[in-house]
1. In this structure, is K4 part of a loop (DSSP other than H, G, I, E, B) and at pLDDT 90 or above?
2. Pairs under 6 Å by beta carbon, first residue closer than 18 Å to V65 by Cβ in region 16-42, partner part of a loop (DSSP other than H, G, I, E, B) and open to solvent by 90 Å² or more (accessible area, probe 1.4 Å), six or more apart or different chains?
3. Scan (1) open to solvent by 100 Å² or more (accessible area, probe 1.4 Å); (2) touching a strand residue (DSSP E or B) at 6+ places or on another chain (Cβ under 8 Å) for the single condition A58 breaks and write down its number.
4. For region 44-55, which residues satisfy the criterion of being surrounded by 10 or more Cβ atoms within 10 Å (Cβ to Cβ) and out of contact with any strand residue (DSSP E or B) (no Cβ under 7 Å at 6 or more places or on another chain)?
Amino acid sequence: MANKVIAGGLMPGGRLRLEKLSSLVSCGKLNVKKLITHPFKGFEHVEDALMLMKDKPADLIKPVVVL
């Protein structure tokens, strides 16, 4: 068993992967609510979200800016 390799993943990266993931989210087959730890409402908070990602506090998983 030492020479065995298990490699996995959804699919190759890029546009196709993002399209598939976004369709899973929009169809409700993939729930991402547990990943969103810091929601922001409105474009005026984009800078706040970016600064939060730069500072990387311990409780941060993903900040999201919604319209």
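1. Considered against the rule, which asks whether it is part of a loop (DSSP other than H, G, I, E, B) and at pLDDT 90 or above, K4 comes out as no.
2. Partner pairs satisfying both residue conditions: L35/I61; L35/K62; I36/K62; T37/I61.
3. Of everything listed in (1) open to solvent by 100 Å² or more (accessible area, probe 1.4 Å); (2) touching a strand residue (DSSP E or B) at 6+ places or on another chain (Cβ under 8 Å), A58 misses just condition (2).
4. At the first step, the residues of region 44-55 found to be surrounded by 10 or more Cβ atoms within 10 Å (Cβ to Cβ) are 45-53.
Once the filter is applied, which keeps residues that are surrounded by 10 or more Cβ atoms within 10 Å (Cβ to Cβ) and out of contact with any strand residue (DSSP E or B) (no Cβ under 7 Å at 6 or more places or on another chain), region 44-55 yields E47, L50, M51.
The values are calculated or read from the model by the stated rules, or taken from the named source; none is laboratory data. Nothing here was measured: the structure is a model prediction, and the numbers come from that model. We place every Cβ from the backbone using ideal geometry, glycine too, and count neighbours over all the protein chains shown. To get the accessible areas, we keep the full protein, side chains included, count just its heavy atoms, and leave off ligands, DNA and RNA. Shrake-Rupley method; radii C 1.70, N 1.55, O 1.52, S 1.80 Å.
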